[in-house]
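Notes follow the structure.
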Amino acid sequence: MATSVYEVVVGIDFGTCSSTFAYSHKSNSLSEIVTNDIWPQQGQRGVFKTNTILFYNSQTWNVVGWGSSAITRQEKKKRKKTDNNGLPNGESPTLPVSLFKLFLGNAREQDKPILPQGLNYRQCVIDYLAEMTKLIKTTIATRWPGINFYKNVLIVSTVPADFSERAKAIMRDCAFKAELLQFADSPNLEFTTEPEAAAIHCITSLRQLGLKPGANFMIVDCGGGAVDLTMRKLTSNNQISEITERTGDYCGSTFVNKEFLNFLYQKYNLYQSMQQLYYNHNDQFQYLIEEFCNKVKLPFTGDQSDFQNICIDLEDTCPDLMNYVNDEITRQKMEQEEWIIELDFISVKNMFDPVIQRIEWLIGNQLNSFGKKCSAIFLVGGFSESVYLVKQVKQTFSKYVSIIEVPSQPITAVVRGAVQYGLNMRTIQTRVLRYTYGVQVLKKWKKGDDPRRKTQNGLKFCFHELAKRGTEVKVNQTFGYVAKPSSLNQIDMTFNIYATTNFDVKYCDDPNTKLLGTLKIDLPDIQLGNKRLVEFYLTFGTMEIKATAKNKNSGLVYQTTLNLDF
C-alpha cells in the first residue's frame, strides 16, 4: 500500500490500440488530475491518447518512432525523392509493429499480430514503455522540479480484467526493464483493472444520480481492443466493492475497423495490397483508418433515415496503394470507380453489429449472474462515444436497468480513475477472486486412493485449497498455511503455489490447474530443529499476490520470496 513518501501519483493506461497517462500531486487539496495531451515526439497537442504502435529500423531493430504516425499532407508533398519504401533516399526502411499487447491476454490466436522475425512481444512492451517512461519523467520533472522519480512517484498501471498473475508479472518485469521502476519488485508500482479504475472515476456520477450506499452498478469499459465488465456495489464513505467476477472479451472499437478492412478485402480484393501498404506506408494506412473513423464510425447512429452513402477516396487517402494493386481485374475495377470506396447503410451496419452483439452478450451475462439487480450501467472508454453502441445497449437493457449513462470524457475515465485509486488506496473495499488458489502438500496415501499417486514413503501430492474462485475478499485479507520443516537442519522451505479456474481441485495436475510460482521461506532459527511451526500468508485481494511468513510460536518474521512463473 502507498505511504506518505509518495508525493506524485501517475496513472498509466497502456492500451492495446492507444495509450495515455495522467498525474496529480497529493498535496493538492482538490486533487487536480491532469491527463496528458502533449506528445512532442509526434507533434500532437490537445489529444488525450496516442497510438500503441512502434516503428523499428528493420536492419538494427532500434526504435525510430512511436505513437501516432499520421503525417500531415504538407509533409507528404515535401517528400519528392523517395525510395520504394516511401522514405527519403538514404534512410533505412522502418517496420511498424502494433497490437503486441494482445499476447499478454486471452486473445484468440487469429487476433494476435504476426511479429517480424527478430522481435518478441515482451521486447515490444519494454520498448513502448521505455518511450512512455521518458515522456512521463520529463513531464513530472517539468511540473515539479526536484521530485525524486524512483522515491516520490507512485505508478498505477491499469490492466485488462482478464490479465492473469503471469501477465501482471510480465508487465512488472517489462516496467523495470523500461526503467519505469528502480528495481523489479519496487512498491512504487501498483496495478488496478481497467473497469475498476473506471468505477472509481464514476463515483462522483453515482452521487449526482442519487444512488445510495448499497446500490449495485456495472462498468462496461469499451476500449479499442478489449471490453471489460465489472459489477460493483457502492458502500459507505464512497468506497466500492466488487460483487461478481470480472469478465471481458476482445471486441473493442478496433474490431469495427477490422470489419471495414474485411469489407475492402472481400468486395475489392485488396488484401495483399493493404498488407503492403501497412508495412511500407503505415502513415497512409493509419490515415485511411482515421478517415473511416471520422467519416463513418463516429457519426454512425444506426438510423437509416439520417444516413447518406459515404465515399472515401483511396487515391487521396492512401495514394501508394495503387502501386501494390497487381491483379489486373482488381485494378480495372478500381480505375472504373476512380479509386473511390462507397459505403452504404447496410454495409456499415454489418461492420458494427457483430461487435455490438458480443458486447451485449457480455452485459447480459453479467446481469444474469446477479439476478438483473443493477441500478446503473456506465459505458466508458473510447468506443462508448459511439452513438449507435449506446443506443443499442439502452434499447436492449433499459427494461432491466433504469440508468444507462456515459460520463463526460469517457476516453479518460480509466486513466483518471487510476490516479484517483493511487491518491486514495482505500477506495476499493473488496474484490472477487477469478481463480482458486492452493499450495502443493504431501498427505498420507490411503487405501482406495489412486495407486499411481503413491510415493515411496507412502504419501501423495495433493492440492490444498487456500482461497476459492468467486469468493468476495477484502483487499488485505490473508490466507494462511502452517507447516513443519522436514529435517532438523533445514534452512529454507519451498512451496509450489497453483491457480485454477476450477472451483474444486484435488491434485495439482488436474485440468485447468497451472503452477503460479514458488514461495521460498528462509529459516534462520535452525537451532529449533523440527519444532518450528512455519506459518505463511498469501494476500489475493490485492492486484498482485503478496506473501509473508513467520514462526507461529516465536513470532519471528521470515524472509519470503514469491517467484511467479513467467
- What size of dipole, in debye to the nearest 20, comes out for the stretch 428-566 about its Cα centre when the only charges are +1 on Lys and Arg C-beta atoms and -1 on Asp and Glu C-beta atoms? 460 debye
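State in Å² the accessible area per residue of the chain; use a 1.4 Å probe, count heavy atoms of protein chains only, and round to the nearest integer. Walk me through the numbers before you get to the answer.
Working: 26190 Å² over 566 residues.
Per residue, the chain has an accessible area of 46 Å².
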- Item | Of all accessible heavy-atom area on the chain, the percent that carbon and sulfur account for (1.4 Å) | 47 percent
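Inverting the mean 1/r over all pairs of different Cα atoms, compute the Kirkwood radius of the stretch 308-435 and quote it in Å. Walk me through the intermediate numbers first.
Working: mean 1/r = 0.0529 Å⁻¹.
After inverting the pairwise mean of 1/r, the radius is 18.9 Å.
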- Task: Have a look at 205, 508, 218 and report the one farthest towards the positive end of the charge dipole of the chain, computed about the Cα centre with Cβ charges (Lys/Arg +1, Asp/Glu -1).
- Result: 508
- Query: If r is the Cβ-Cβ distance from residue 237 to residue 503 and R0 is 45 Å, what FRET efficiency results, to the nearest 0.05?
  - Reply: 0.85
- Taking only the alpha carbons of the stretch 11-57, the radius of gyration and the largest Cα-Cα distance, Dmax, both in angstrom, are 13.0, 46
- Note on the structure: Quick calc, the chain, dipole around Cα centre from Cβ unit charges on Lys, Arg (+) and Asp, Glu (-), nearest 20 debye, gives 2580 debye
- Taking 254-260, 344-350 and ranking on average Cβ neighbours within 10 Å, highest first, one gets 254-260, 344-350
- Item | FRET efficiency, residue 322 to residue 142 (Cβ-Cβ, R0 41 Å, nearest 0.05) | 0.35
- Query: Just how far, in whole angstrom, is the stretch 327-351 from the stretch 152-214 if you go by their alpha carbon centroids?
  - Reply: 44 Å
- Note on the structure: PRE zone check, label point 7 Å out along Cα-to-Cβ of residue 452, amide N under 15 Å, scope the stretch 479-516, hits 507-511
- Message: To test your reading of the geometry: what angle, between 0 and 90 degrees and rounded to tens, separates the Cα axis of helix 121-143 from the longest principal axis of the chain?
- Response: 90 degrees
- Under a 5 Å amide H to amide H cut-off, with H placed in plane at 1.01 Å, what residues pair with residue 64 once short-range neighbours are removed? 55, 56, 57
- Message: Can you work out the Karplus-derived ³J(HN,Hα) for every residue in the stretch 154-162? Use 6.51 cos²θ - 1.76 cosθ + 1.60 with θ = phi - 60°, whole Hz, and x for glycine or proline.
- Response: 9, 9, 10, 9, 8, 9, x, 5, 8
- From the backbone phi of the stretch 441-449, what are the Karplus-calculated ³J(HN,Hα) couplings (6.51 cos²θ - 1.76 cosθ + 1.60, θ = phi - 60°) in whole Hz, Gly and Pro given as x? 10, 9, 10, 5, 6, 10, 4, x, 6
- Message: Just to compare against my own numbers: the Cα pair-distance distribution for the chain, 20 Å bins, whole % per bin, please.
- Response: 19, 48, 27, 6, 0
- Euclidean distance between Cα centres, the stretch 462-495 to the stretch 367-410, Å: 41 Å
- Message: At 7 Å along Cα-to-Cβ for each site, give me the label-to-label distance between residue 491 and residue 182 in nm.
- Response: 3.0 nm
- Task: Between residue 358 and residue 269, with labels modelled 7 Å along Cα→Cβ, what's the label distance in nm to one decimal, could you check?
- Result: 2.9 nm
- Item | Cα-centre dipole for the stretch 253-347 with unit charges at Cβ (Lys and Arg positive, Asp and Glu negative), debye to 20 | 360 debye
- Whole-Hz Karplus ³J(HN,Hα) for the stretch 186-202, in order, using 6.51 cos²θ - 1.76 cosθ + 1.60 and θ = phi - 60°, x for Gly and Pro? 4, x, 6, 10, 10, 10, 9, 6, 4, x, 5, 4, 5, 4, 4, 4, 7
- Message: Given the DSSP H assignment, sum -39500 (n - 2.57) over each helix run of at least 4 residues in the chain and divide by its residue total; what's the result at 222 nm in deg cm²/dmol, nearest 500?
- Response: -8500 deg cm²/dmol
- Message: Can you tally the net charge around residue 325? Count Lys and Arg as +1, Asp and Glu as -1, for every other residue whose Cβ sits under 11 Å from the Cβ of residue 325.
- Response: -2
- Task: Could I have the simple spin-label model distance between residue 530 and residue 150, label points 7 Å from Cα toward Cβ, reported in nm to one decimal?
- Result: 4.5 nm
- Take the Cα gyration tensor of the stretch 253-347, multiply each eigenvalue by 5, square-root it, and list the three semi-axes largest first, rounded to whole angstrom. 23, 15, 11
- Message: For a protection proxy built on the mean count of beta-carbon atoms within 10 angstrom, sort 406-416, 169-179, 43-53 highest first, please.
- Response: 406-416, 169-179, 43-53
- Task: For the chain, build the charge dipole from Cβ charges (+1 Lys, Arg; -1 Asp, Glu) around the Cα centre, then report which of 377, 462, 243 sits farthest towards its positive end.
- Result: 462
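Considering all projection directions equally, how large on average is the shadow of the alpha-carbon convex hull of the stretch 398-556, in square nanometres?
Numbers: hull surface 59.3 nm².
Its average projected convex-hull area is 14.8 nm².
The values are calculated or read from the model by the stated rules, or taken from the named source; none is laboratory data. Please read these numbers as outputs of a predicted model, since none were measured by experiment. With ideal geometry, Cβ positions are generated from the backbone for all residues, glycine too; neighbour counts draw on all protein chains shown. These area figures cover heavy atoms from the full protein model, side chains too; ligands, DNA and RNA do not enter into them. Shrake-Rupley method; radii C 1.70, N 1.55, O 1.52, S 1.80 Å.
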